[in-house]
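Working notes, structure below.
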Amino acid sequence: MKTALFYKNPKTLLNKGSGFLSDYTHSLNPYTGCSFACSYCYVRQMPVSLFREQPWGTWVDIKQEAATLLRKELQRAKAKGKVTIFMSSATDPYQPIEQKEEVTRSLLKVMAEEPPDFLLVQTRSPLVRRDIDLLQLLQDRVRVSMTVETDLDDIRKHFSPQAPPIQARLKTLQLLAEAGIPTQATIAPVLPSSEAFAHRLRPLVNRVCLDDFYMGDGSGGQRTKKLGIASLYEALGKPEWYEPTAYQLVYERLLRVFDAEEVYVSQKGFAP
């Protein structure tokens, strides 16, 4: 599917952290829109998507002069106190167009020079490995949170066919860890997975975050319900995985392999 690209000049980049991200002073989105087009993405039910003529996943706004703007905003914010940044809340900072445009990389360069107190990089893309050099400069002020919602790639293809393969994400977690970059695996949302999932994560990370539609979409699961996601679980013959209790199964499997303090649930797992 071809993605329509639009070049925009935003007036601001740092947004006040609120709601699910209230543990952060700011959120930061290098792009508007996301070509990974995951079927379950809660942003589909937000104004940024609903008031757009094109379907979610078919367009991306590229924020021009983003680094210059961030430098000014970051200096201002740091002068007022502690700055913690969640990147990103409504797009993937490493979606395919980042390979060419390097907006996210330009923002990381600024943050390497003007470090926030903490930066969480939330992505599902192996492209993040390209920026290991900059992430290393942030040392313990950064954590890369890699979405790995299942260990079964056929399940991933069913729900998000345009997203990167699971094995490539697991390999990226390994490379980040070897480079000394703090990481976590984020099972969000909870898609059907195998009993071996926890064992596959164990050599790669010492921190796992678990979240589902009901805890994580900002509306108790109502945004997701409007997307008709339940039918995708039913098509697989796995409707039980859509229930609010499904995460508990994965949580119990994780606790057989990880220590309790290494497994976080929902908002606590994303906190600085």
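Criterion applied to Leu108, Leu119 was being at negative phi, at pLDDT 95 or above, crowded, with 16+ Cβ neighbours inside 10 Å and assigned to a strand (DSSP E or B), and the one residue passing it is Leu119.
Hey, among Ser39, Ser18, which residue is of a type in the set (S, T, N, Q) and surrounded by 14 or more Cβ atoms within 10 Å (Cβ to Cβ)?
On the way: Ser18 fails: surrounded by 14 or more Cβ atoms within 10 Å (Cβ to Cβ).
Among Ser39, Ser18, only Ser39 is of a type in the set (S, T, N, Q) and surrounded by 14 or more Cβ atoms within 10 Å (Cβ to Cβ).
In summary, Ala235 fulfils each of the numbered conditions (1) under 26 Å from Pro47 (Cα atoms); (2) touching a residue at least 12 places away in the same chain (Cβ under 8 Å); (3) surrounded by fewer than 13 Cβ atoms within 10 Å (Cβ to Cβ) with the single exception of condition (1).
Which one is farthest from Leu173 (Cα to Cα), of the residues in the range 104-140 that are charged (D, E, K, R) and touching a strand residue (DSSP E or B) at 6+ places or on another chain (Cβ under 7 Å)?
Kept after step one, since they are charged (D, E, K, R), are these residues of the range 104-140: 105, 109, 113-114, 117, 124, 129-131, 133, 140.
From what is left, the residues that are touching a strand residue (DSSP E or B) at 6+ places or on another chain (Cβ under 7 Å) are 117, 124.
Values: Asp117: 23, Arg124: 10 Å.
Out of the qualifying residues, it is Asp117.
Whenever a residue of the range 167-179 is under 9 Å from Pro126 (Cα atoms), its partners that are part of a helix (DSSP H, G or I), lying with C-beta atoms within less than 6 angstrom and at least six residues away or across chains, give the pairs Ala168/Pro126; Thr172/Pro126; Thr172/Arg129. Of the residues making up the range 160-191, those that are touching a helix residue (DSSP H, G or I) at 6+ places or on another chain (Cβ under 6 Å), surrounded by fewer than 22 Cβ atoms within 10 Å (Cβ to Cβ) and either farther than 18 Å from Phe36 by Cβ or at pLDDT below 95 (or both) are Leu175, Ala179.
Restricting the first member to the range 255-268 and to residues that are hydrophobic (A, V, I, L, M, F, W, C), and the second to residues that are surrounded by 10 or more Cβ atoms within 10 Å (Cβ to Cβ) and part of a loop (DSSP other than H, G, I, E, B), the beta-carbon pairs closer than 6 Å and six or more apart or on different chains are Val257/Arg202. With respect to the conditions (1) within 22 Å of the chain's Cα centre (by Cα); (2) on the phi < 0 side of the Ramachandran plot; (3) crowded, with 19+ Cβ neighbours inside 10 Å, Gly57 falls short on a single one, namely (2).
Selection over the range 96-152 of residues that are among the hydroxyl-bearing types (Ser, Thr, Tyr) and over 27 Å from Leu191 (Cβ atoms) gives a count of 1.
Consider Arg124 carefully, then state whether it is in contact with a helix residue (DSSP H, G or I) (Cβ under 7 Å, 6 or more places away or on another chain), without any contact (Cβ under 8 Å) to a residue 60 or more places away in the chain, closer than 30 Å to Ala235 by Cβ and of a type outside the set (A, V, I, L, M, F, W, C). Against the criterion (in contact with a helix residue (DSSP H, G or I) (Cβ under 7 Å, 6 or more places away or on another chain), without any contact (Cβ under 8 Å) to a residue 60 or more places away in the chain, closer than 30 Å to Ala235 by Cβ and of a type outside the set (A, V, I, L, M, F, W, C)), Arg124 does not qualify. For the range 65-90, a tally of residues being surrounded by fewer than 21 Cβ atoms within 10 Å (Cβ to Cβ), in contact (Cβ under 8 Å) with a residue 40 or more places away in the chain, under 17 Å from Pro10 (Cβ atoms) and β-branched (Val, Ile, Thr) returns 0. Taken over the range 201-232, the criterion of being part of a helix (DSSP H, G or I), over 14 Å from Ile155 (Cβ atoms) and touching a residue at least 24 places away in the same chain (Cβ under 8 Å) is satisfied by Leu201, Phe213, Tyr214, Met215, Gly216, Arg223, Thr224, Lys226.
Taking the range 42-54, which residues are within 20 Å of Tyr7 (Cβ to Cβ) and crowded, with 19+ Cβ neighbours inside 10 Å? Before you say what the answer is, go through the steps one by one.
Kept after step one, since they are within 20 Å of Tyr7 (Cβ to Cβ), are these residues of the range 42-54: 48-49, 51-54.
The one that is within 20 Å of Tyr7 (Cβ to Cβ) and crowded, with 19+ Cβ neighbours inside 10 Å: Ser49.
Does any residue in the range 1-12 that is at positive phi come within less than 6 Å, Cβ to Cβ, of a residue that is surrounded by 10 or more Cβ atoms within 10 Å (Cβ to Cβ) and outside any loop (DSSP other than H, G, I, E, B) six or more places away or on a different chain, and which pairs are these? From the range 1-12, no pairs qualify.
The values are calculated or read from the model by the stated rules, or taken from the named source; none is laboratory data. What you are looking at is a predicted structure, and each value in this text was computed from that prediction instead of being measured. Every residue, glycine as well, gets a Cβ built from its backbone with ideal geometry; the counts of neighbours run over all protein chains shown.
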